[in-house]
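Inspection log for the structure reproduced underneath, given as structure tokens.
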Amino acid sequence: MTRTTCAALLTLAAIAFAAPASAQQINGALRLHLETGVLGFESETDNPDGPAGSQTTKSTTFGPSAAGLGFGIGFGVGDNLVVGGNVTLQYRSVNPEGPGSVSGSNVTLMPYIEVLLGDGGTRPFVGGALLVSFDDFGDRSTTLFGLAGMGGVHIFMTDSYSFDLAGRLFVDTGSTSFDAGGMTIDTSITRFGLIGLVGVSGWSI
């Protein structure tokens, strides 16, 4: 059993034992949530030091965990306001059976704020977040900082549990280091993209 699987099970257990809280009473509620990307688009522009020109690559991903698995905790500071933090974990492997196979991981930290609209069992929301992202992929390491805008809806199936649909538009920038034949090549990097997310939340007070 992987660490990611264990963390997911622990989060789901915490949600399952959450105490009842009214969908209309976010104020004072503790939110535990789990989400995964199901659709993603990303554009990355690299600007290496030296004479080489910039290069842009684009990618589209589909399916569960397309953009990693996210775990978060939030707190209702008002009837329509939630602040919290999220960590997203992702593992990728390229050509795992071939001679040139490489694998790596990404960790993204995301403090966020959400403004919930309405007062019924379906609560649309908009929000924003700060991003700090760390990649370790083969002989390449990357550190990025950025911003994200969010929007979606919490659909309360009961007073304590919601099914969450969301979209996240992000941009981040930073630097990456690549080891090429004993030489370290530094490159500035900019990414922007859009992620579609599904998840579940437990709300308790």
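Checking the structure you have, find out if any residue of region 164-172 is surrounded by 15 or more Cβ atoms within 10 Å (Cβ to Cβ) and in contact (Cβ under 8 Å) with a residue 60 or more places away in the chain. Yes, because at least one residue in region 164-172 is surrounded by 15 or more Cβ atoms within 10 Å (Cβ to Cβ) and in contact (Cβ under 8 Å) with a residue 60 or more places away in the chain. Going residue by residue through region 30-46, is there one that turns out to be touching an Asp or Glu at 6+ places or on another chain (Cβ under 9 Å), surrounded by 14 or more Cβ atoms within 10 Å (Cβ to Cβ) and at pLDDT below 75? The answer is no; no qualifying residue exists. Restricting attention to region 112-156, the residues being over 30 Å from Ile26 (Cα atoms) and of a type in the set (Gly, Ala, Ser) number 2.
Of the residues that sit in region 111-142 and are among the polar types (S, T, N, Q) and surrounded by 15 or more Cβ atoms within 10 Å (Cβ to Cβ), which one is nearest to the chain's Cα centre (by Cα)?
Taking region 111-142 first, the residues among the polar types (S, T, N, Q) are 122, 133, 141-142.
After this cut, where a residue has to be surrounded by 15 or more Cβ atoms within 10 Å (Cβ to Cβ) as well, the list is 133, 141-142.
Numbers: Ser133: 10, Ser141: 19, Thr142: 16 Å.
Here the residue is Ser133.
The set of residues in region 155-205 that are farther than 21 Å from Gly84 by Cβ and of a type in the set (Asp, Glu) comprises Asp179, Asp186.
Name every residue in region 143-165 that is within 16 Å of the chain's Cα centre (by Cα) and polar (S, T, N, Q), in order of residue number. Please lay out each step first, then the result.
Within region 143-165, the subset within 16 Å of the chain's Cα centre (by Cα) is 143-152, 164-165.
Across region 143-165, the qualifying residue is only Thr143.
Do we find a residue being under 19 Å from Ser201 (Cα atoms), at pLDDT 90 or above and outside any strand (DSSP E or B) anywhere in region 8-18?
Going through region 8-18, the residues under 19 Å from Ser201 (Cα atoms) turn out to be 8-18.
Among the residues that remain, those that are also at pLDDT 90 or above are: none.
Checked region 8-18: no residue is under 19 Å from Ser201 (Cα atoms), at pLDDT 90 or above and outside any strand (DSSP E or B).
Would you please name the residue that is nearest to Ala67 (Cα to Cα), looking only at residues in region 113-157 that are free of Cβ contacts under 8 Å to residues at least 24 places away in the same chain and in contact with a Pro (Cβ under 8 Å, 6 or more places away or on another chain)? This residue is Leu130.
Residue-by-condition table, conditions (1) modelled with pLDDT under 95; (2) outside any strand (DSSP E or B); (3) charged (D, E, K, R):
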residue: Val132; (1), (2), (3): no, no, no
residue: Ser141; (1), (2), (3): yes, no, no
residue: Gly146; (1), (2), (3): no, no, no
residue: Gly167; (1), (2), (3): no, no, no
residue: Phe170; (1), (2), (3): no, no, no
residue: Phe178; (1), (2), (3): yes, no, no
residue: Arg191; (1), (2), (3): yes, no, yes
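Would you confirm whether or not region 97-108 contains a residue that is at pLDDT 95 or above, surrounded by 15 or more Cβ atoms within 10 Å (Cβ to Cβ) and not small (Gly, Ala, Ser)? Walk me through how you get there before you give the answer.
Kept after step one, since they are at pLDDT 95 or above, are these residues of region 97-108: none.
Looking for residues that are at pLDDT 95 or above, surrounded by 15 or more Cβ atoms within 10 Å (Cβ to Cβ) and not small (Gly, Ala, Ser), one finds none in region 97-108, hence no.
The values are calculated or read from the model by the stated rules, or taken from the named source; none is laboratory data. Quick caveat: nothing in here was measured; it's all calculated off a predicted structure. All Cβ positions, even for glycine, are placed from backbone atoms using ideal geometry, and neighbour counts span all protein chains on display.
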